[in-house]
Every structure is written in structure tokens, then in C-alpha cells.
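A short write-up of the structure that comes next.
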Amino acid sequence: MSDSSASTAGRPRIDTSKRTWLIASGCAGAVGGVAVAVPFVSSFQPSEKAKAAGAPVEADIGALQVGEKMTVEWRGKPVWILKRSPQQVAELPKLDPLLADPQSKRNPDEFTPQYARNEHRSIKPEILVVVGICTHLGCSPTDRFQPGPQASLPDNWEGGFLCPCHGSTFDLAGRVFKNKPAPDNLPVPPHMYLSDTRLLIGDDKKA
């Protein structure tokens, strides 16, 4: 009785177990190659976070009360949205003699869009929108909305922001006071209103 695995007609004997192992190894290698290749190729594609980094950001300010500030992130930076009282807005022009750039004429294309080149530095007088980063060395100022004498502030303080790093002070329009390390006012980012209660930060095409 003949052995089916033995060589016949001069053909070499086939080891079926070895053939099965070679096929399995080849398949595993191909799958592994695909598994390695996919992450490598996908690394050239921007992540969702990277895509969103420069995208405009919507902010709902419907619940924002007078004297309150909210912060949204745009391009990795904190953007402050402050609702000022009519009295606070009315006091802004009185500070002009104390400010380094009261009319926001210094580097306007970089720090102040056309629609914010006014006393209140905003589209709507009561709503301030600024990037909360000091123009000196990039620290984030702290809120000092309460008027009156306070530590590290003058006795005639009317409210604003204090940079804790080197003492630069800004009024409630983000304008820097004279003789301070910060060379410029806080930047006003491009923004526009989608409705009375919805702000779009990062786009002002319709403004």
C-alpha cells in the first residue's frame, strides 16, 4: 500500500505541516506590515485637535451678567469676554491721560481690528473681547475689577487687570497704563456677533 506523502514520479515529498506554517507566517507578516504602515501613514494627517486649533470658536454670552467674565480658548490662547456696566464704559475716556496708547494706534493691525479702534475697544460698548495674555512676556493678567486702593495697584484704581509677573496694569478696555513693562494693549481677536447672544471668535468677515 502506497504512502500518499511519499514522492511519486520523481517529484519531491511535500511536508504539509511545514507548508501550513509557511502560509500562516506569510499572512501574519502581511497583516503586521499593514498594522505598522497605517499608523505611519496616518501620522502625516493632521489630528482633529490640530485642525480645530485655528478654527473659529462660538461663545454663548446669553447668561453673562454685568461684572462677569468668561474665558474661551482660541488657537491655544485664553480669550476673555467681559460684560461691563454702562458706568464702567462711561469712565473709560477719563483714563486716557494715564494710558500709553489710549486710542489703540500702536500696531493696530496686530492688536486692534478696525471695529475696535474706539474708547471701549469693542463692537458693543458693554462687551469686551480680548486675548488674556500680557504683551510683555506672555503671562496671563489677573482680574482686578474692584475699584479703589489694593496691593500692587494705585490708590485711584478704577478696575482692570494686573499682570502678576512684572506689574503691568490694564484698564477695563485692555489698554495698558503708562510706564509699565507691557509695550502694547491686550490684543483684540477677530470676532463678530452671530446673534445678540452668540459670539464667533476668530472670524470677522461680516463685521
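Structure summary
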{"quantity": "First in region 110-126 and within 18 Å of Phe170 (Cβ to Cβ), second anywhere and of a type in the set (Gly, Ala, Ser) and assigned to a helix (DSSP H, G or I), Cβ under 9 Å, 6 or more apart", "calculated": "Ser122/Ala116"}
{"quantity": "Criterion (open to solvent by 70 Å² or more (accessible area, probe 1.4 Å) and modelled with pLDDT under 95) met by exactly one of Ala53, Ala9", "calculated": "Ala9"}
{"quantity": "Pairs with Cβ under 8 Å, 6+ apart, first in region 55-83 and at positive phi, second of a type in the set (A, V, I, L, M, F, W, C) and open to solvent by 40 Å² or more (accessible area, probe 1.4 Å)", "calculated": "Gly67/Phe145; Arg75/Ala53; Gly76/Ala53"}
{"quantity": "Within region 58-72, considering residues that are open to solvent by less than 80 Å² (accessible area, probe 1.4 Å) and within 18 Å of the chain's Cα centre (by Cα), the one farthest from Phe145 (Cα to Cα)", "calculated": "Ala59"}
{"quantity": "Condition met for Lys105 (over 23 Å from the mean Cα position of the chain (by Cα), among the charged types (D, E, K, R), at pLDDT below 95 and open to solvent by 60 Å² or more (accessible area, probe 1.4 Å))", "calculated": "yes"}
{"quantity": "Selection from region 93-102 of residues that are surrounded by 14 or more Cβ atoms within 10 Å (Cβ to Cβ) and either free of Cβ contacts under 8 Å to residues at least 24 places away in the same chain or assigned to a strand (DSSP E or B) (or both)", "calculated": "Leu99"}
{"quantity": "Pick from region 108-117, criterion more than 24 Å from Gly62 (Cβ to Cβ) and assigned to a loop (DSSP other than H, G, I, E, B), ranking: least open to solvent (accessible area, probe 1.4 Å)", "calculated": "Thr112"}
{"quantity": "Qualifying strands (runs of 3 or more DSSP E) (wholly inside region 134-201; at least 1 residues being open to solvent by 60 Å² or more (accessible area, probe 1.4 Å))", "calculated": "142-144, 198-201"}
{"quantity": "Any hit, region 145-156, residues being over 20 Å from Val89 (Cα atoms) and at pLDDT 95 or above", "calculated": "no"}
{"quantity": "Residue match in region 77-92 (condition: part of a loop (DSSP other than H, G, I, E, B), open to solvent by 40 Å² or more (accessible area, probe 1.4 Å) and within 23 Å of Pro183 (Cα to Cα))", "calculated": "no"}
{"quantity": "Pairs where the first residue, in region 128-152, is under 25 Å from Pro86 (Cα atoms) and in contact (Cβ under 8 Å) with a residue 40 or more places away in the chain and the second is of a type in the set (S, T, N, Q) and in a strand (DSSP E or B), C-beta under 7 Å, 6+ apart", "calculated": "Gly132/Thr71"}
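The values are calculated or read from the model by the stated rules, or taken from the named source; none is laboratory data. Since the structure is predicted, the reported quantities are computational estimates derived from the model, not experimental observations. Quick reminder, even Gly has a Cβ in these numbers, built from the backbone with ideal geometry, and neighbours come from all protein chains shown. Just so you know, the surface numbers come from the protein's heavy atoms only, side chains and all, with ligands and any DNA or RNA stripped out. Shrake-Rupley method; radii C 1.70, N 1.55, O 1.52, S 1.80 Å.
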